[in-house]
Amino acid sequence: MYVRSSASQGVHMHGFVPFPDERAAAYRAAGYWSGRPVGSLLDDAAASWPDRPAVIDATTTMSYAQLDGAVDRAAAALHRRGVGPGDRVLVQLPNGCAFAVTLFALLRVGAIPVLCLPGHRAAEIGHLAGVSDAVGIVIPDATAGFDYPAMAAKLGLRRITIEDEPGLSPAPQFAPDPAAPALLLVSGGTTGMPKLIPRTHNDYVYNAIASARLCELTTDDVYLVALPAGHNFPLACPGLLGAMSVGATTVFGTDPSPEAAFATIARHRVTVTALVPALAALWAQACDWEPQRPTTLRLLQVGGAKLAPSDAARIREALTPGLQQVFGMAEGLLCYTRPGDAAEVLDTTQGRPLCDDDELRVVDEDGMEAPEGELLVRGPYTINGYYNAVEANARSFSPDGFYRSGDRVRRCANGYLEVTGRIKDVIVRGGENIAADELEVHLLSHPGIQSAAVVGLPDEYLGEKVCAAVVFIGAPLLLADLNRHLDECGVATHTRIDQLAVLPALPTTAVGKIDKKALARQLG
Ligand code: OOB
């Protein structure tokens, strides 16, 4: 028995902005869009590699056939609980096999997973539940270190469980429209509440398969999920889904500290993983003292925030020559350095687009093409609008369908990009515009600095003053030392630091990026 979507679902789902017909036809004709649903990645892997290990966590190992069976039983449980085609269901699970089972079970019954991160709390979850009009949430029990069930109860959100029950009849198979949303990702913005990002079957399958090809993944690879599994990077760039597309194995890690992660890498002979820069730098440092430094990694992807060139070089030397910089966004566009690129390119650029038909524009404040400026993008796997967000969409998308990323980039002659900051990350100090991220790059070039973030704080005379929050490796330096270092870097004389805050660690977002909004609150 097959269930088809009704008019209110599928590509006509209210609040969803589909790809325009003309570009959709071009992407189909070019072969980027295969018409395969995301759920078919598991169906096909279970058929091709039933006995290969699919997913592993601290307590469980499942072959592709076993994972497929567990997903069938979970889908039956969801069906029994009335979850069906088009229903939005929040998923907030820690890294583990249950994440994979839940994701594919929801897809199998035609529901739309909304992939939250374990670090989200009532404010974000309540917002995401409201915007998605979710029917419920899948969460761990109260033993998970935070009482998720209490949070769900407080928000009046129905908790949906997927436990096996004996004797359930199988859920009816659902045949989705490949042009309709498969899942909703959460935007990574460090300003305001997260937005919902509808990724279609067509575009997300392409995202995962093309990334797996670029990264030269094979059945013999072992991919470690070190970041939260619901984030686009470890999920589909190539991540869990890309690994599945070639019958590789995915290992779920729950503790990204070097001690725990190095042990997991050694035990499972992990070959590929993805990290944010702060973690990658920490892993590289830890090679100085951890006895079990990784020897099996052939590809280490680093992205999500700017990687300092000095850290990149250190990572190559300590962890693997197979460093890959990834500049990506849940909204779509992915830029990768390529295996075999020169060290100079690996250290100083954020790669080039995944697809030949990614259309990039770099524009100045007047919207004119410029060598450096805001990056705008459209292409076969970049969204055309946030979900249920008419006002944000008017701001974030150009009339001809380009997504305004808010990222400031420089285009290099070879087509590679360098991310130079966020468009709005500017401190206005006594009338001078200071790019906060530029100062950060110079601070990070100091050998005594572990991490640094520069924020503007209100000042009675200057309007805003420049405050640097710094984590030092050894003994802290003085404000004067930092400004002398900026002198030596040849930075313009009006860009000096007014205030230094020495911190043990910088606040981070749910995926581990430096959270400047929280930092400004903390310092202000
Ligand atoms: C990834 O996705 P999101 O949605 O959490 O965040 C996207 C934003 C980008 O717009 C940019 O501001 C920043 O994160 N970013 C980078 C970067 N990679 C992402 N900034 C500088 N250098 C980089 N390499 O973060 C994401 C999604 C898929 C793959 C990798 C990262």
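The values are calculated or read from the model by the stated rules, or taken from the named source; none is laboratory data. It should be emphasised that the depicted structure is a prediction, and the values quoted were computed from it without experimental measurement. For neighbour counting, all protein chains shown are included, and Cβ atoms are generated from backbone atoms with ideal geometry for every residue, glycine included. The accessibility values were calculated without ligands, DNA or RNA, using every heavy atom of the protein model including side chains. Shrake-Rupley method; radii C 1.70, N 1.55, O 1.52, S 1.80 Å.
Give segment 416-434 a look and list any residue that's open to solvent by less than 20 Å² (accessible area, probe 1.4 Å) and more than 13 Å from the ligand (Cβ to nearest atom), or say none. Result: Ile427, Ile434. From the list Val470, Val491, Val502, the one residue that fits, being crowded, with 20+ Cβ neighbours inside 10 Å and away from the ligand (no atom under 16 Å from the Cβ), is Val470.
Inside segment 44-77, residues that are within 14 Å of Leu106 (Cα to Cα) and open to solvent by 50 Å² or more (accessible area, probe 1.4 Å) make up a count of 2.
Just wondering, is there one or more residues in segment 416-438 that are part of a loop (DSSP other than H, G, I, E, B) and either at pLDDT 95 or above or closer than 27 Å to Pro238 by Cβ (or both)? There is at least one residue in segment 416-438 that is part of a loop (DSSP other than H, G, I, E, B) and either at pLDDT 95 or above or closer than 27 Å to Pro238 by Cβ (or both). Taking the conditions exactly as written (part of a loop (DSSP other than H, G, I, E, B), more than 17 Å from Tyr387 (Cβ to Cβ), of a type in the set (A, V, I, L, M) and within 16 Å of the ligand (Cβ to nearest atom)), does Leu168 satisfy them or not? In short, no. Within segment 279-312, take every residue that is of a type in the set (A, V, I, L, M, F, W, C), away from the ligand (no atom under 12 Å from the Cβ) and touching a strand residue (DSSP E or B) at 6+ places or on another chain (Cβ under 9 Å) and give me the one that is most open to solvent (accessible area, probe 1.4 Å). That would be Leu282.
One residue stands out among those in segment 226-248 that are open to solvent by 10 Å² or more (accessible area, probe 1.4 Å) and farther than 20 Å from Ala278 by Cβ: the one that is nearest to the ligand (Cβ to nearest atom), which is Ser245. Considering only segment 159-172, state which residues are within 20 Å of Val89 (Cα to Cα) and either free of Cβ contacts under 8 Å to residues at least 40 places away in the same chain or touching a Gly at 6+ places or on another chain (Cβ under 9 Å) (or both). Once the filter is applied, which keeps residues that are within 20 Å of Val89 (Cα to Cα) and either free of Cβ contacts under 8 Å to residues at least 40 places away in the same chain or touching a Gly at 6+ places or on another chain (Cβ under 9 Å) (or both), segment 159-172 yields Arg159, Ile160, Ala171, Pro172.
Looking at Val11, Val101, Val38, just one residue is open to solvent by less than 50 Å² (accessible area, probe 1.4 Å), part of a loop (DSSP other than H, G, I, E, B) and in contact (Cβ under 8 Å) with a residue 60 or more places away in the chain, and that residue is Val38. Glu22 falls short on exactly one of the conditions (1) touching a residue at least 24 places away in the same chain (Cβ under 8 Å); (2) part of a helix (DSSP H, G or I); (3) not hydrophobic (A, V, I, L, M, F, W, C), and that condition is (1).
Among the residues of segment 327-345, those that are open to solvent by 10 Å² or more (accessible area, probe 1.4 Å) and within 16 Å of the ligand (Cβ to nearest atom) comprise Phe327, Gly328, Met329, Ala330, Glu331, Arg338, Asp341, Val345. Do the conditions hold for Leu185, that is, is it open to solvent by less than 10 Å² (accessible area, probe 1.4 Å), part of a strand (DSSP E or B), within 16 Å of the ligand (Cβ to nearest atom) and within 25 Å of Ile112 (Cα to Cα)? When the stated conditions are applied, Leu185 passes them. Could you tell me whether Pro194 is modelled with pLDDT under 95 and either away from the ligand (no atom under 16 Å from the Cβ) or within 28 Å of Ala389 (Cβ to Cβ) (or both)? Yes; evaluated as a whole, the condition is true for this residue.
Applying the criterion of being of a type outside the set (A, V, I, L, M, F, W, C) and touching a residue at least 12 places away in the same chain (Cβ under 8 Å) to the residues of segment 258-268, the residue that is farthest from the ligand (Cβ to nearest atom) is Glu259.
Just one of (1) under 17 Å from Val276 (Cβ atoms); (2) at pLDDT 95 or above; (3) in contact with a Gly (Cβ under 9 Å, 6 or more places away or on another chain) fails for Arg298. It is (1). Residues being under 20 Å from Ser445 (Cβ atoms) and touching a Lys or Arg at 6+ places or on another chain (Cβ under 7 Å) are entirely absent from segment 511-521. Listed by first and then second residue, the pairs linking a residue in segment 410-434 that is farther than 17 Å from Leu360 by Cβ to a residue that is part of a loop (DSSP other than H, G, I, E, B), with Cβ atoms under 7 Å apart and 6 or more places separating them unless they lie on different chains, are Arg429/Leu462; Gly430/Leu462; Glu432/His494; Ile434/Thr495.
Within segment 198-211, does at least one residue satisfy the condition of being surrounded by fewer than 20 Cβ atoms within 10 Å (Cβ to Cβ) and either more than 16 Å from the ligand (Cβ to nearest atom) or outside any strand (DSSP E or B) (or both)? No - not one qualifying residue is present in segment 198-211.
Within segment 350-362, the set of residues being open to solvent by 10 Å² or more (accessible area, probe 1.4 Å) and either out of contact with any Asp or Glu (no Cβ under 7 Å at 6 or more places or on another chain) or over 29 Å from Leu184 (Cβ atoms) (or both) comprises Arg352, Pro353, Leu354, Asp356, Asp357, Asp358, Glu359, Leu360. Can you tell me how many residues in segment 435-445 are open to solvent by 40 Å² or more (accessible area, probe 1.4 Å) and of a type outside the set (A, V, I, L, M, F, W, C)? So the count comes out to 3. The C-beta contact set for segment 439-451 (first residue in a loop (DSSP other than H, G, I, E, B), second residue open to solvent by 20 Å² or more (accessible area, probe 1.4 Å), distance under 7 angstrom, 6+ apart or interchain) comprises Ser445/Ser310; Ser445/Cys489; His446/His485; Gly448/Phe472; Gly448/Ile473; Gly448/Gly474; Gly448/Leu477.
To keep it simple, each residue is scored yes or no on (1) over 24 Å from Glu372 (Cα atoms); (2) free of Cβ contacts under 8 Å to residues at least 40 places away in the same chain; (3) in contact with a strand residue (DSSP E or B) (Cβ under 6 Å, 6 or more places away or on another chain).
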position	(1), (2), (3)
Tyr461	yes, yes, no
Leu478	yes, yes, no
Asp481	yes, yes, no
Gly490	no, yes, no
Arg496	no, yes, no
Leu506	yes, no, yes
Thr509	yes, no, no
Ala518	yes, yes, no
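If I filter segment 213-220 for residues that are of a type outside the set (Ser, Thr, Tyr), within 16 Å of the ligand (Cβ to nearest atom) and open to solvent by less than 10 Å² (accessible area, probe 1.4 Å), do I get at least one hit? There is at least one residue in segment 213-220 that is of a type outside the set (Ser, Thr, Tyr), within 16 Å of the ligand (Cβ to nearest atom) and open to solvent by less than 10 Å² (accessible area, probe 1.4 Å).
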